[in-house]
Amino acid sequence: MTMTASQLAAKHEKTVSAHACHINLTAPELLQQAISRGEGELSKQGSLVVNTGPRTGRSPQDRFIVCHPGEAQQAIDWSEVNRPMEPLYFDNLWLQAEDYLQQLPESYSGIWRSGQHTQHGLNIRITTELAWHQLLADHLLVRPEIEQSNWEMLCLPGFVCDPMRDHVHSDAATIIDFSGRRILLLGMHYAAEIKKAIFTVQNYLLPMKGVLPLHAAASQDKDGKVAMMLGLSATGKTCLISDDGRDLIGDDEHGWSDDGVFNLENGCYARCAFITEEEQPVIFDAIKQGAILENAVLDHHGEPDFTNIRITENIRATYPLSAIRNRVKPPVAGQPDVLIFLSCDCSGVLPPVTRLNKAQAAYYYLSGYTATVGDSEINHNNGYTPTFSSCFGAPFFPRPAGIYAEQLFNKLESSETTVYMVNTGWKGGVPSASHGGNPLGKRYCLQQTRTIITAILSGELEQQGFHSLDHIDLQVPVAIEGIDPLDLDPANAWPDKVSYLRAAENLCQEFKVNFSRFEVAHQIEDAGLNMI
Ligand SMILES: Nc1ncnc2c1ncn2[C@@H]1O[C@H](COP(=O)(O)OP(=O)(O)OP(=O)(O)O)[C@@H](O)[C@H]1O
Ligand SMILES: O=C([O-])CC(=O)C(=O)O
Ligand SMILES: [Mn+2]
């Protein structure tokens, strides 16, 4: 049986003598510790299977940013996902957390680096209650040559917050103090909280160094051409970038500097519900000895059963980049040639692929239209909820979205980068009858999306050329080999054009309402989604 942090703490309560902090253990040592402490169990292939308790996705509503009076006030886009916390409350919690840590029999600590760029890295000391969280840091981050850090993270999943006492919203909280350079994770087992908290810090710091951080995957072809895919959770970054014909740079977080693209991490964090070797061989092969499997269920042979979503559909595998055969070493590359925005459209309105000019790119990036899918955030059901998540990652971008969009626009202005938007969501209607009485549609199948991506990356699309649709002002390719030309116009997939046009009008209206909160140049506003 695998145990959560509080069960482990209860087990050790009577035996506490002195606290031992294990520093800089190797990955095999951490794996061994996790097993011997009962934090998880080994699958037949030697992956560590752990259970994250009731939180099997991120908890954006429990995320706070310390608000120092007078400081950084305008720098933060205070919102539902960037909630202010008073410094006094944070200091109190930090002290309590340190006390809690000292009461534990053991903890794990190491210095890790986010950012595979010589000048834009961030060194952070991460101290964890659980050995597997430290192992996760080992998979996802770099061991720096110089063991110095000016950031600190305490990750204590067994600590139970008291909303009255601690001025938080529940029994758990993620709190980031940009000025004090500290991150506190309390009551959180689900590991994306660790990686996304560090990403948030980089997203705060990098724009001030002229580096645009992107919630994106990246890869390079054999000629050195670089592609990036931007998208909110579960829109397809990890599975579409994992392609044996290209060299992987990274699957989730990158910086775009004047020198080019660099990974902020050193490993991948892949969804694996329903994954098969035939459909996703690269990810499947990477889940081997030492990988961490969150909330997977083992069958009676000890093999992970990825069809078993008894715990959650958000089953995750964490593995280092070194588990991937074809990759760029180190994960750094030149300027991106192509950006692909992945939008999981559950209105069935957007074409499978469209080419965006620079102003449109800024518009769609700011809008971040897609769906919240599955349960990568708690309190979401397993369904699909349309959402506008600016920068394709609103919960991780603490500054006002315009800061990032302006940088993107400037980078596009001064580069040859081409931008496309690919719909990895629905065609011909909506995912379920509950979506406003529209007909039921079908999700674009992975194979079809892969064919489109391949055509973009090979340059086929540019050669074929584009034409305008006659209903919404987007440009679609004239032809793509392997795709029925009728499929390139989304209206054709609907039972009748009238219901398509009604859905399209609704979507245009939703874009307008959402966009009214941004103040941008007319050129960008005018590039929005409109009926013709
Ligand atoms: N047409 C499609 N394109 C992409 N993914 C699809 C498609 N149809 C179904 N899927 C499924 O959607 C999921 C996409 O998940 P993936 O892990 O690639 O997303 P992600 O963008 O990397 O998310 P996260 O940021 O949470 O890691 C996969 O489970 C994939 O099988
Ligand atoms: O945060 C998560 O749960 C996983 C992830 O990578 C994302 O959502 O973008
Ligand atoms: Mn991913």
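General observations
- A Förster radius of 41 Å combined with the Cβ-Cβ distance from MET531 to ALA18 puts the calculated FRET efficiency at roughly 0.05.
- Extension gain (nm, one decimal) between ALA27 and GLN73, 0.36 nm per residue minus Cα-Cα: 12.5 nm
- Applying 0.36 nm per residue to the separation of SER415 and HIS522 and subtracting their alpha-carbon distance, the gain on full extension is 36.3 nm.
- Counting only protein heavy atoms and a 1.4 Å probe, the chain has 39 square angstrom of accessible area per residue.
- Pairs from the list LYS225/LYS329; LYS222/LYS329; LYS196/LYS225 with a Cα-Cα gap above 20 Å: LYS196/LYS225.
- Candidate residues LYS225, LYS497, LYS44: accessible-area rank, largest first, probe 1.4 Å: LYS44, LYS225, LYS497
- Helix 131-140 axis, angle to the chain major axis (alpha carbon atoms, nearest 10°): 40 degrees
- If R0 is 45 Å, the Cβ-Cβ spacing of MET164 and ASN308 corresponds to a FRET efficiency of close to 0.70.
- Cleavage-rule hits, trypsin sites (Lys or Arg not before Pro), segment 232-304, DSSP coil, Cβ neighbours within 10 Å at most 15: LYS288
- Across all Cα atoms of segment 267-323, the radius of gyration (one decimal) and Dmax (whole number) stand at 10.5, 30 Å.
- Using the Cβ-Cβ distance between PHE466 and LYS222 with R0 set to 25 Å, the FRET efficiency from 1/(1 + (r/R0)^6) comes to roughly 0.40.
- For the chain, the carbon plus sulfur part of the accessible surface works out to 50%, probe radius 1.4 Å.
- Using C-alpha pairs below 8 Å separated by at least 6 residues, the relative contact order for segment 267-323 is 51 percent.
- Helix 87-103 and the longest principal axis of the C-alpha atoms of the chain enclose an angle of approximately 50°.
- Nearest-ten-degree value, helix 401-413 long axis tilted from longest Cα axis of the chain: 60 degrees
- Phi angles of segment 503-512 translate, via the Karplus equation with coefficients 6.51, -1.76, 1.60 and θ = phi - 60°, into HN-Hα couplings of 5, 5, 4, 4, 5, 4, 5, 5, 4, 5 Hz per residue; Gly and Pro are given as x.
- Spatial offset of segment 151-192 relative to segment 388-451 amounts to 31 Å, using the alpha carbon center of each.
- Short-range pairs are left out: with C-alpha atoms under 8 Å and at least six residues apart, the relative contact order of the chain is 14 percent.
- Cross-link partners of LYS512 among lysines, defined as those whose alpha carbon lies under 29 angstrom from its own and excluding same-chain residues fewer than eight positions apart: LYS237, LYS358, LYS411, LYS427, LYS442, LYS497.
- The distance separating the Cα centre of segment 69-104 from that of segment 250-302 comes to 31 Å.
- Extension gain, ILE483 to HIS300: 0.36 nm times the residue separation minus the Cα-Cα distance gives 61.7 nm.
- Restricting segment 338-429 to GluC sites (Glu not before Pro) that sit in a DSSP loop and have at most 12 other Cβ atoms within 10 Å of their own Cβ leaves GLU416.
- Rounded to two decimals, the Cα-based Rg/Rh of the chain, with Kirkwood Rh, is 0.96.
- When peptides 310-319, 82-91, 292-301 are sorted by average Cβ neighbour count within 10 Å, with the highest value leading, the order is 310-319, 292-301, 82-91.
- For the chain, calculated [θ]222 nm from helices alone, where every DSSP H run of n ≥ 4 adds -39500 (n - 2.57): -7500 deg cm²/dmol
The values are calculated or read from the model by the stated rules, or taken from the named source; none is laboratory data. Keep in mind it's a predicted model, so treat the numbers as computed, not measured. A quick note on method: Cβ atoms are made from the backbone with ideal geometry, for glycine too, and the neighbour counts reach across all protein chains shown. Surface accessibility is based on the protein's heavy atoms, side chains included, excluding ligands, DNA and RNA. Shrake-Rupley method; radii C 1.70, N 1.55, O 1.52, S 1.80 Å.
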